[in-house]
Amino acid sequence: MGGGREAAGNTRRYLAAPRNVIGRGIVGDSASAPALVAGPTNAVRILIVDDDPLIRRQLEGLYATHDYSVDSAADVEEATEKLGASEYSLAVVDLKMPGKDGITLTSEIRERWPGVDVIMITGYGSIKGAVEAMRQGASDYITKPFEPDDILLATQKVLERRRLLDEIEYLRKQLADRYTFANMVSGDPTMIELFSTIEMLAQSDVTVLITGESGTGKELVARAMHFQGKRKAGRFVAINCAAVPESLLESELFGYDRGAFTGAMHDRIGKIESASGGTLFLDEVESIPLSMQAKLLRVLEERAIERLGSNRRIAVDMRVVAATNQDLGAAVAAGRLREDFYYRINVVPVALPPLRQRMADVPLLVAEFLRNNQMAREKGINRVSERALAQLMAYSWPGNIRELLNVMERAVLRAKGDTVREVDIGAGEPKAPRDRGSADFRLPLRQFLKTAERQYLSRVLEHYRGGIAPAARHALIDQATLHRKIRLHGLRPGEYRRNGRGSSDETDGRD
């Protein structure tokens, strides 16, 4: 700056000024500046970069009085040295300094220390320089002269904005961690192959149709594809098409402009526009009326919408994932679903099997629930008794995984000690027998487990067409153990090869 000097008397000012202002005067007693917002602490570290020692001292005093931790530097070289040695939340930088200027430092901060925000200080008449600093990445700028309140308010605004951005990033990471493929639990060969397909689909923009009974986890799969895919920075926008009245569905999907209909007092963005850059999840897609199917088909083909009450086309770029628990082929045949719309959403089908077809996953799902359920962790519950597990294994689970998790939540609520017992599952829930092809729950536990193991090995061998090596790898046992269990259960791998059932992959190392 080079313009600082002390005014007459004992009151220090940068340039002569009639009021307590910075840049053209800050009073020596910086404590006179009021605290605007409670909250800043010495955990926030600020770097002041200015060639004028008087300004550095007075800003240091102002920030220190308001519980900020503060350092200062006289030029860009000293500032970069300190930035490399310590962690800072904010740099307050003068625009014009000898040698490298504030814009150069701002650009370097953005490149090397992107977590550090910058407030640029500029003199009157240097607004162009401030605009250039903002273009280079400064978070805010303030012009001289300014009062202590001005710099404190600017500081608090910038730090609050950073806090919100950090919170958004944290929540985004929490969502990504919650909807990771690692949280999809199964030992079933069909499911493991399905997980690989879903993981591959996450990296593309292809339209996906997820089918499966209620409670099989269709939305969980859709969210995992979004949060583990290349569109994870965008929004995941879900709409249950059956839950929205037909008269409101168009405005819900497309939005509307002010005055489009009675009561439309302001513009509103629809679900499709909100999902641009991210993923649009259409749940219970079979419920969409035929007239709306035609409009959605046009959106999927042209990637543009028109809000209600407007003829302005708005480009949209979103990935579409649809889900249903109905037979859409039958819906097409019955005239409830347009054939062209069906083929447009059914580019890649993903079919989720019901839980009764993969009963060996029940113990895995129960264990995963106990690990992640907050109440179970608080009560120290980490086990399920053999009789309780047998009861869970004997049920057909018409509500699938959702029903299992609801039953376990009630059981944890009732449980005493560290173990969920049969009484906690509750008499009468669940007790419905499963399909006749599954292990009979009326058997003694040892015999039940033996029967369940035989069914599991049979399905694994079927999947790998009798291939011993891939089946052993899948079961996480060695080939000698698998041979022994095959003999114990009277299974014949050759029959699976002759029948040509299962996967054609990894059939090496057959018996």
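Brief remarks follow.
- Considering the conditions (1) open to solvent by less than 50 Å² (accessible area, probe 1.4 Å); (2) at pLDDT below 85, D166 is excluded by exactly one of them, (1).
- Pairs with Cβ under 6 Å, 6+ apart, first in region 189-216 and over 17 Å from G229 (Cα atoms), second of a type in the set (S, T, N, Q): T211/T324; E213/N325; E213/N400; S214/N325; G215/N400; T216/N400
- Evaluation of A238 against (1) at pLDDT below 90; (2) over 30 Å from R465 (Cβ atoms) (one fails), failing number: (1)
- Residues being over 23 Å from M225 (Cβ atoms) and among the hydroxyl-bearing types (S, T, Y) - total across region 305-325: 1
- Any chance E339 is of a type outside the set (K, R) and either surrounded by 14 or more Cβ atoms within 10 Å (Cβ to Cβ) or more than 30 Å from G278 (Cα to Cα) (or both): no
- Subset of region 225-235 [open to solvent by less than 10 Å² (accessible area, probe 1.4 Å) and modelled with pLDDT under 90]: G229
- Residue ID - nearest to A202 (Cα to Cα), chosen from residues in region 269-302 that are of a type in the set (K, R) and open to solvent by 70 Å² or more (accessible area, probe 1.4 Å): R298
- Which numbered condition F181 fails, given (1) aromatic (F, W, Y); (2) crowded, with 19+ Cβ neighbours inside 10 Å; (3) modelled with pLDDT under 90: (2)
- Selection over region 113-141 of residues that are touching a helix residue (DSSP H, G or I) at 6+ places or on another chain (Cβ under 6 Å), modelled with pLDDT of 85 or more, open to solvent by less than 40 Å² (accessible area, probe 1.4 Å) and not in a loop (DSSP other than H, G, I, E, B) gives a count of 4.
- Hits in region 325-334 (condition: touching a residue at least 40 places away in the same chain (Cβ under 8 Å) and surrounded by fewer than 12 Cβ atoms within 10 Å (Cβ to Cβ)): none
- Condition check for R358: of a type in the set (K, R) and surrounded by fewer than 18 Cβ atoms within 10 Å (Cβ to Cβ): no
- First in region 399-423 and on the phi < 0 side of the Ramachandran plot and assigned to a strand (DSSP E or B), second anywhere and of a type in the set (S, T, Y) and surrounded by fewer than 20 Cβ atoms within 10 Å (Cβ to Cβ), Cβ under 9 Å, 6 or more apart: T419/S385; V420/S385
- Single residue of A315, A322 found to be farther than 30 Å from A411 by Cα and crowded, with 16+ Cβ neighbours inside 10 Å: A322
- Positions within region 338-386 being part of a helix (DSSP H, G or I) and within 30 Å of E302 (Cβ to Cβ), in sequence order: E339, D340, F341, Y342, Y343, R344, I345
- Any hit, region 184-198, residues being in a loop (DSSP other than H, G, I, E, B), more than 25 Å from F341 (Cβ to Cβ) and modelled with pLDDT of 90 or more: no
- Among the residues of region 46-60, the one identified as within 10 Å of P148 (Cβ to Cβ) and either over 45 Å from the mean Cα position of the chain (by Cα) or not aliphatic (A, V, I, L, M) (or both) is Q58.
- Restricting attention to region 383-424, the residues being within 28 Å of L352 (Cβ to Cβ) and polar (S, T, N, Q) number 4.
- Residues of region 243-259 satisfying the condition of being open to solvent by less than 40 Å² (accessible area, probe 1.4 Å) and either touching a Pro at 6+ places or on another chain (Cβ under 7 Å) or not acidic (D, E) (or both): V244, L249, S251, L253, F254, G255, Y256
The values are calculated or read from the model by the stated rules, or taken from the named source; none is laboratory data. Remember, it's a predicted structure, so these values are computed and weren't measured experimentally. Heads up, the Cβs are rebuilt from the backbone with ideal geometry, glycines too, and the neighbour counts pull from every protein chain shown. Note: accessible area is taken over every heavy atom of the protein model, side chains too, but ligands, DNA and RNA are not part of it. Shrake-Rupley method; radii C 1.70, N 1.55, O 1.52, S 1.80 Å.
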